[in-house]
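*Asks:* Submitted below is the structure of interest, expressed as structure tokens.
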Amino acid sequence: MSRRLRVIAPLALALAVVAGLILVDPLARLGGDEGEATAERDVAEITVRTLSTTNEADGEIVFVDRRPVTTLRAGTITSIAAVGTEVSSGSAVYALDEVPTIALAGAVPAWRAMTVDDVGVDVAQLEAALVELGYDPDGEVTVDDAYTTVTATMVERWQADAGLAVTGTVDLGSVLFVPDGAGLASVVTGVGRSVTAGTEVAVLTSGRQQLEVTIAADRRASIEVGDAVTARLPDRATVDATIVEITPAGGGGWSATARLDGALLTDGGSPLPDGEAVPVTVSWTEVVAEEVTTVSAGALTRLDSGAYAVEVVDDQGTTHVVEVGIGRASGSSIEIVTDLPSGTVVVAP
């Protein structure tokens, strides 16, 4: 008399582990009594592998530093750089009444005119930028926060090259301090427009981008700083990134910041339009169990006792039933607790 089995339907396995199984008569699967040959029957192998699952969340790619470019005096815009232009130190960004505003490397915005005896971070930025551009050929300038007569001489050389009045004094509005890798993300106004002091004329970005991800509270344990993630863009292209920070967000959720790996995300070869955020779907792999014994869901059966089993195929092609414990699942792979070695062949219809 054969031992009667009931078969787990593979697609119902996840529910079956928690709430019970849909049971069917296994005779068609077993082909008769235990020990009968397995001709024309599908088989699989028990394997040792790492089980993992894929999580997804909404995110967006944004520029790290996005700042408005505002005029510091009144006038008529007579020229302005094009969208996408790399704003390098020494380049003209725009001109009012044909007087250019020149970009110089620096993190602190220009906020005043600078002249001899002035002291401050802006002076140090000015000196460092002009020395870097080669306007101190004899090495006479000490880069510090003091504006000296030597600084003024260097400024005069720069003013002559830049098309500015050669005065040795840096007028307010003649310099725009910009971060490394800055680019013009958008232009708010155009040539011919009359503006007052404080008018926004363009948007500048640092050129650096990052990925920001919204993580639900129940997914927090699945991701850590240092984990690799993939961002899928609206056009289905993907960008790889690495999580660098995770912080609490409203509603019990979490906000993660990721560094983009490799080149900057571009749109048709240009910086992202208008420096705006690009929505993405972010995915990452969560390890469910490392190096565990597994079998395909279709190879599991359930005995009348409620225990689970696999139907092992021996070297002669005959079979016998072996009880196993079951654990975690990933896709169609199920962790099993058994003494059966990796490579054991089992029936898997």
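*Asks:* Using a simple spin-label model with points 7 Å from Cα along the Cα→Cβ vector, what separation in nm is obtained for A228 and V188?
*Replies:* Simple spin-label model gives 4.2 nm for this pair.
*Asks:* Hey, fewest Cβ within 10 Å first, where do S255, S296 land in order?
*Replies:* S255, S296
*Asks:* A further question on this structure: Return the Rg/Rh ratio of the range 112-171 with Cα-based radii and a Kirkwood Rh.
*Replies:* Here the Rg-to-Rh quotient is 0.91.
*Asks:* What relative contact order, as a whole-number percentage, does the range 112-171 give when Cα pairs under 8 Å and 6 or more residues apart are counted?
*Replies:* Computed value for the range 112-171: 42 percent relative contact order.
*Asks:* Quick one: what are the phi-derived ³J(HN,Hα) couplings along the range 178-195, Karplus 6.51/-1.76/1.60 with θ = phi - 60°, whole Hz, x for glycine and proline?
*Replies:* Per residue, the Karplus-derived 3J(HN,Hα) values read 10, x, 4, x, 5, x, 8, 7, 7, 10, 7, 10, x, 4, x, 7, 7, 10 Hz.
*Asks:* So if we plug the beta-carbon distance of E56 and E156 into 1/(1 + (r/R0)^6) with R0 = 41 Å, what FRET efficiency do we get, rounded to 0.05?
*Replies:* Given R0 = 41 Å and the Cβ-Cβ separation, E is 0.10.
*Asks:* Between R236 and T214, how high is the FRET efficiency from 1/(1 + (r/R0)^6) when r is the Cβ-Cβ distance and R₀ = 25 Å? Nearest 0.05. Write out the running numbers ahead of the final one.
*Replies:* On the way: r = 21 Å, r/R0 = 0.83.
Taking R0 as 25 Å, the efficiency between R236 and T214 is 0.75.
*Asks:* Using 0.36 nm per residue, how much length does the chain from W111 to T167 gain when fully extended, once their Cα-Cα distance is taken away?
*Replies:* Here the segment from W111 to T167 would lengthen by 18.3 nm.
*Asks:* So, one more: Taking R0 as 25 Å, what FRET efficiency do you get between A277 and A221 from their Cβ-Cβ distance, rounded to the nearest 0.05?
*Replies:* 0.40
Read-outs: derived from the displayed coordinates by stated rules, not from any lab. The shown structure was predicted, so the numbers you read here are calculated from the model rather than taken from an experiment. Quick reminder, even Gly has a Cβ in these numbers, built from the backbone with ideal geometry, and neighbours come from all protein chains shown.
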